[in-house]
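First comes the structure, then the notes that go with it.
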Amino acid sequence: MREARPREGHPAPAEGFPGRLSWTAKQDGTPEERLDVLHAWLVEDLPGGRVRILTQETQLGRPAAALAAERPDPMLNGHQAWLDGLVSAASR
């Protein structure tokens, strides 16, 4: 069974508080298939009309361990591509 669920949904920052959006995902199966994931984004207003986005992720399970051992790192590269896309969209 694969399942993904939102956990937090306050994406817009408020005065003194970052916005936060997170989700979890779970994949059941054999020990080689099981996977638990939490991914979160923090969105902060900064001076000068700037925005900072911090990403956090944790993965548990053998598929995650195998992915973490790959070089180049597909998770790091995927997250960077996502951030680059946000910058590109915001710059239009």
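Derivation of every value follows stated rules applied to the coordinates shown; laboratory data play no part. Bear in mind that the values here come from a model prediction, so they are computed numbers and not experimental data. Every residue, glycine as well, gets a Cβ built from its backbone with ideal geometry; the counts of neighbours run over all protein chains shown.
Scanning region 11-65 for residues that are more than 26 Å from Val87 (Cβ to Cβ) and hydrophobic (A, V, I, L, M, F, W, C), we see that the one that is farthest from the chain's Cα centre (by Cα) is Ala65. You will find that of Val37, Val87, the residue that is β-branched (Val, Ile, Thr) and in contact with a Ser or Thr (Cβ under 8 Å, 6 or more places away or on another chain) is Val37 and no other.
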